[in-house]
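Colleague: Let me give you the structure first, and then I'll get to my questions.
The values are calculated or read from the model by the stated rules, or taken from the named source; none is laboratory data. Note that the structure is a prediction, hence the values are computed from the model and not measured. A quick note on method: Cβ atoms are made from the backbone with ideal geometry, for glycine too, and the neighbour counts reach across all protein chains shown. When the accessible area is computed, the model is the full protein with side chains, heavy atoms only, and any ligands, DNA or RNA have been set aside. Shrake-Rupley method; radii C 1.70, N 1.55, O 1.52, S 1.80 Å.
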Amino acid sequence: MKFFHLISKLLFGNACWFTGFCCFCVSALAEEAPKILPLMSVPPKALRAEKKALVALPNYDEVTATRLQIFLDNNDFGPGKIDGEMGEFFRKALLAYKRAHLMPLRGTVDQWLLDQVPETFTNYTIPPEAENFVGPTASKPSEQAKLKALKYGSLLEFVAERFHSAEDYLRKLNRPMNLDALKPGDTVKVPNVVPFKIEDLHEGFVQPNTAFANRIVYVDTKERFLLIYENNQLVAEFPITPGSTKLPAPIGVWKINGIAVLPVFRHDEGILNYGIKSDTAFILPAGPNNPVGILWMALSKPHVGIHGTNQPETIGRAASHGCIRTANWDAARVKELVTVGNIVSIF
């Protein structure tokens, strides 16, 4: 979200560092802006014509679509929420994976991809500790600020986010079971994707990773994807919501100033709507239902960042306040694929 201040419970004072260091970062980057790369920097000559042409994909059956979604998700080419449908993000992620791995761009099902997901579904038994991440919710910032944490509103929401799935799809998979009445000990049928484990997240700042120092992040505001490159090779891609018509994501070349896990959010209507700090604000506690989800990645553009969300079903559809918003399960992976200091090119 644009125009807001991040506060960390762990290192409260360092929140200002994220924005206070921005002028230096912008001036340093102005001297040498990287060239914006397409999905592949220099695709083989034989594929260039295919890349420009539209690729017609068949309407896969639900199980096949789910297996392909799982494959893409497990390989960091986010297809959006897993729902067994041939959605826009799924189609784009599948073609992007093929381009990045020099595979022919054809609509037929590649058996090799399906073979990587021998079991489409698995069973998940809800453990007692899952209830630690579920609690009371509120919709108004004034009410959210009174809560100790912004947890999941139900065990269904907990399970859906854990397995990157649409709640309605889980309901369909588990008919006639009533998923609104889930309790510890219940077993749920879920997509066999690598789960997002919120219990593995630890509040604080992510330390720099020198192994990823040469990576570049590209934010394609038209295709609505965040792409991560290393040595001109696309290594990961995730669907996003890049700002809105009123407050678009800032076009330009920026830099990652800091990465905070389980951030606290300062809700200030003056900053959100007008870019002017007001005297009235609400401090919203950390949790998966925080407005910025489980991650805030501050850019050198003041008050702008890459972050998670409390509404994963709206990725790609609903607008954000100028920032780059992605699902919590994707945000958790992005932080493991980039590092402080990486260039972020928004175009």
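Colleague: Hey, any hits in the stretch 196-205 for a residue that's without any contact (Cβ under 8 Å) to a residue 40 or more places away in the chain and either more than 24 Å from K81 (Cβ to Cβ) or not in a loop (DSSP other than H, G, I, E, B) (or both)? Break it down into steps so the answer makes sense when it comes.
Modeller: Taking the stretch 196-205 first, the residues without any contact (Cβ under 8 Å) to a residue 40 or more places away in the chain are 197, 200.
Still in the running and either more than 24 Å from K81 (Cβ to Cβ) or not in a loop (DSSP other than H, G, I, E, B) (or both): 200.
Yes: one or more hits.
Colleague: Next question. From the list N232, N273, N214, which residue is at pLDDT below 90, under 22 Å from V340 (Cα atoms) and not charged (D, E, K, R)? Spell out how you get there, then give the answer.
Modeller: Details: N273 fails: under 22 Å from V340 (Cα atoms); N214 fails: at pLDDT below 90.
Unique residue meeting the criteria: N232.
Rundown of residues vs (1) in a helix (DSSP H, G or I); (2) without any contact (Cβ under 8 Å) to a residue 24 or more places away in the chain; (3) more than 26 Å from the chain's Cα centre (by Cα); (4) exposed (fewer than 13 other Cβ atoms within 10 Å of the Cβ), yes/no style:
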| residue | (1), (2), (3), (4) |
| --- | --- |
| L102 | no, no, no, yes |
| L114 | yes, no, no, no |
| T122 | no, no, no, no |
| T137 | no, no, no, no |
| S142 | yes, no, yes, yes |
| A149 | no, no, no, no |
| L170 | yes, yes, no, no |
| M177 | no, yes, yes, no |
| P184 | no, no, yes, yes |
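Colleague: Then there is this: Could you tell me which of the residues G293, G341 is modelled with pLDDT of 90 or more, open to solvent by 20 Å² or more (accessible area, probe 1.4 Å) and not polar (S, T, N, Q)?
Modeller: On the way: G293 fails: open to solvent by 20 Å² or more (accessible area, probe 1.4 Å).
Answer to the check: G341.
Colleague: Out of K189, K255, which single residue is in a strand (DSSP E or B) and closer than 28 Å to K151 by Cα?
Modeller: Sole residue among the options that is in a strand (DSSP E or B) and closer than 28 Å to K151 by Cα: K189.
Colleague: Let me ask something else about it. Can you confirm whether K92 is outside any loop (DSSP other than H, G, I, E, B) and in contact (Cβ under 8 Å) with a residue 24 or more places away in the chain?
Modeller: Numbers: outside any loop (DSSP other than H, G, I, E, B): yes; in contact (Cβ under 8 Å) with a residue 24 or more places away in the chain: yes.
Here the answer is yes, as K92 does meet what is asked.
Colleague: Quick one: count up the residues across the stretch 235-252 that are part of a strand (DSSP E or B), at pLDDT below 95 and buried (at least 20 other Cβ atoms within 10 Å of the Cβ).
Modeller: The number of residues fulfilling the criteria is 3.
Colleague: Can you tell me which residue within the stretch 307-332, out of those that are buried (at least 21 other Cβ atoms within 10 Å of the Cβ) and of a type in the set (D, E, K, R), is modelled with the lowest pLDDT?
Modeller: R325
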